[in-house]
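The structure appears right after this line, and notes come after that.
The values are calculated or read from the model by the stated rules, or taken from the named source; none is laboratory data. This one's a predicted model, so the numbers in the text were calculated from it and none came from an experiment. All Cβ positions, even for glycine, are placed from backbone atoms using ideal geometry, and neighbour counts span all protein chains on display. Just so you know, the surface numbers come from the protein's heavy atoms only, side chains and all, with ligands and any DNA or RNA stripped out. Shrake-Rupley method; radii C 1.70, N 1.55, O 1.52, S 1.80 Å.
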Amino acid sequence: MKYRQLGRSGIVVSEIGFGAWGIGGRTVNDTSYGDTDDRTSLAALARARDCGISFFDTSAVYGNGHSEALIGEAFRQGRDKVVIATKAGYESWDKEPDFSPVAIAASIERSLKRLRSDYVDVLFLHNAPLETLRSAELRQAMVMLEASGKIRTWGASTKGPDDALQALRASEVPVIEANFNMMDVRALTGGLFEEIRGQNAGFVARTPLCFGFLSGTITRSTSFPPGDHRRTWSEAQIERWIDGSRDLLAATSAAPGAAGAHAALRFCLAFPEVSCTIPGILSPTEAEQNAAASTAGPLPPDAVSAVLQINSERQFFVPR
């Protein structure tokens, strides 16, 4: 496993991280990846750590706190060997978010209890609106949390690269999190990477496998389980991602499965602006396979160029 600086935060992270939305388990309506088994989830966390993954990304809303609780159980020993990022603002997908300083302070206390820790390394504001990020009151609250030692740094986890760019320009947050993958290169083409370089911000690239589609194993006959958020995507969108993943993996000479996932992760690692990329991990096998992408190194320049060329010719998103 190789490691990178998380921007100007002074924190060092594994370049492949652990996206912990899925292990939270099923939540209201279709807002998760379905039912999970805690023993498998704990084994996945342990295997990830053994493979050198040090960055674990969770949220108060993932499993309504259950994802945090599992991470707390997994790392109750050796807490200083891992970097934990959690999020505040949302605590249940069927309730309105609350980004007031009082609510954020209360949320971090609950998160710390579940994580069995007296601090988190990164506190992301979860899809916070721009006016919130511009708020002097909220920024002061983050300063106070840092001064108290309850967080090492903070940032914004955004709905997309365009929101991330606006967030950086509005508030110069130390760490930003947004989508980046072989079917979503807006971070590169829309100016986000340029802004990240200019501010020396940390960047956590989420959805590197585009919700699993870039593994190449999802087909038109795939049936998503109850609770899985992918059930909410239109048939047209799913078909476009299936066809897109097939063509992109062919362009990178990667077969569906672990090789396809490796190609997708290695594409993200080809960009120095990416501090860490966080595939969702549900099993020990997935942890081991995803970690191995770091050993393989970034995707070669000719393959990266092929991916970008396809993106210049095609639109992978169907308007919702």
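Could you report the accessible area of Arg134 in Å², rounded to 10, computed with a 1.4 Å probe on the protein chains as they sit in the structure?
140
Check which residues have an amide H placed less than 5 Å from Phe18's amide H, if you skip close sequence neighbours.
Amide H neighbours of Phe18: Phe55, Phe56, Asp57.
Ignoring everything but the protein chains, give the 1.4 Å probe accessible area of Tyr62 in square angstrom, nearest 10.
Rounded to the nearest 10, that gives 20 Å².
With +1 on the Cβ of every Lys and Arg and -1 on the Cβ of every Asp and Glu, and nothing else charged, how large is the dipole of the chain about its Cα centre, in debye rounded to the nearest 20? Numbers along the way, then the final one.
Details: 33 positive and 37 negative charges, 89 e Å.
The calculation lands at about 420 debye.
Which of the lysines could a cross-linker span from Lys159 if the Cα-Cα distance has to be under 17 Å and same-chain partners fewer than 8 positions apart are dropped?
Lys159 reaches Lys87.
Counting only protein chains, not ligands or nucleic acids, how are Arg266, Arg320, Arg139 ordered by accessible area (probe 1.4 Å), most first? Can you show the working numbers first?
On the way: Arg266 50, Arg320 195, Arg139 90 Å².
Putting Arg266, Arg320, Arg139 in descending order of accessible area: Arg320, Arg139, Arg266.
Rounded to the nearest 20 debye, what is the charge dipole size of region 95-212 about its Cα centre when +1 sits on each Lys and Arg Cβ and -1 on each Asp and Glu Cβ? Don't skip to the answer; put the middle values down first.
Working: 14 positive and 15 negative charges, 71 e Å.
Roughly 340 debye for region 95-212.
I need the calculated FRET efficiency for the pair Lys95 and Arg320, taking r as the beta carbon distance and R₀ as 22 Å, to the nearest 0.05.
Working: r = 22 Å, r/R0 = 1.02.
Here the calculated transfer efficiency is 0.50.
Give me the number: length gained by fully extending Val102 to Arg220, i.e. 0.36 nm times residue separation minus the C-alpha to C-alpha distance, one decimal in nm. Each step should come with its number before you reach the end.
On the way: separation 118, 0.36 × 118 = 42.48 nm, distance 4.64 nm.
Gain on stretching Val102 to Arg220: 37.8 nm.
At a 1.4 Å probe, what is the % contribution of carbon and sulfur to the accessible area of region 89-210? Walk me through the numbers before you get to the answer.
Details: 2410 of 5120 Å².
The C+S portion of the solvent-accessible surface of region 89-210 is 47 percent.
If you take every residue apart from Gly65 with its C-beta less than 14 Å away from the C-beta of Gly65, what net charge results, scoring Lys and Arg +1 and Asp and Glu -1?
Values: positive: Arg26, Lys87, Lys95, Arg110, Lys113, Arg114, Arg116; negative: Asp38, Glu68, Glu73, Glu91, Glu109.
My count for the surroundings of Gly65 gives +2.
Convert each backbone phi in region 119-135 into a coupling constant with the Karplus relation 6.51 cos²θ - 1.76 cosθ + 1.60 (shift: θ = phi - 60°), then list the ³J(HN,Hα) values in order as whole Hz, x for Gly and Pro.
Along region 119-135, the couplings run 7, 10, 6, 9, 10, 8, 7, 8, 6, 6, x, 4, 4, 5, 5, 7, 5 Hz.
Once phi is turned into θ = phi - 60°, what whole-Hz ³J(HN,Hα) does the Karplus curve with 6.51, -1.76 and 1.60 give for every residue of region 223-231, x standing for Gly and Pro?
Once rounded to whole Hz, the list reads 10, 7, x, x, x, 6, 5, 5, 5.
Considering only Gly72, Gly257, Gly216, give the residue with the highest GNM mean-square fluctuation for the chain, with springs between Cα atoms whenever their separation is below 10 Å.
Among Gly72, Gly257, Gly216, the largest mean-square fluctuation in the Gaussian network model of the chain belongs to Gly257.
Over all distinct Cα pairs, what is the inverse of the mean 1/r for the chain, reported as the Kirkwood hydrodynamic radius in Å? The partial results should precede the final answer.
On the way: mean 1/r = 0.0513 Å⁻¹.
This gives a value of 19.5 Å.
Taking H as built 1.01 Å from N, whose amide H comes closer than 5 Å to the amide H of Val120, not counting residues under 5 places away?
Ile151, Arg152
Among His66, Ala156, Ser171, which residue has its Cα positioned farthest towards the positive end of the charge dipole of the chain, with +1 placed on the Cβ of Lys and Arg, -1 on the Cβ of Asp and Glu, and the dipole taken about the Cα centre?
Of the options given, the answer is His66.
For the chain, what does -39500 (n - 2.57) per DSSP helix run (n ≥ 4), summed and divided by total residues, give at 222 nm, in deg cm²/dmol to the nearest 500?
On the way: 12 runs with 132 residues, N = 320.
Value at 222 nm, helices only, nearest 500: -12500 deg cm²/dmol.
Provide the per residue accessible area, probe 1.4 Å, for region 264-308, rounded to a whole number of square angstrom. Intermediate results must be reported in sequence, preceding the final value.
On the way: 1530 Å² over 45 residues.
About 34 Å² of surface per residue is accessible.
Sorted by accessible area (1.4 Å probe), largest first, how do His262, His126 line up?
Numbers: His262 45, His126 10 Å².
In descending accessible area the options line up as His262, His126.
Arrange the residues Met1, Met144, Met182 by how much accessible surface each exposes, largest first, with a 1.4 angstrom probe.
Ranked from most to least accessible, the order is Met144, Met1, Met182.
Please report the projected area of region 1-55's Cα convex hull averaged over all directions, in nm².
Directional mean of the projected Cα hull area for region 1-55 stands at 4.7 nm².
In nm, to one decimal, how far is the Asp38 label point from the Arg79 one, both placed 7 Å along Cα→Cβ?
So the label points at Asp38 and Arg79 sit 2.0 nm apart.
How large is ³J(HN,Hα) for each residue in region 200-208, as worked out from phi by the Karplus curve 6.51 cos²θ - 1.76 cosθ + 1.60 (θ = phi - 60°), to whole Hz, x for Gly and Pro?
Per-residue couplings from phi come out as 6, 8, x, 10, 9, 8, 9, 6, x Hz.
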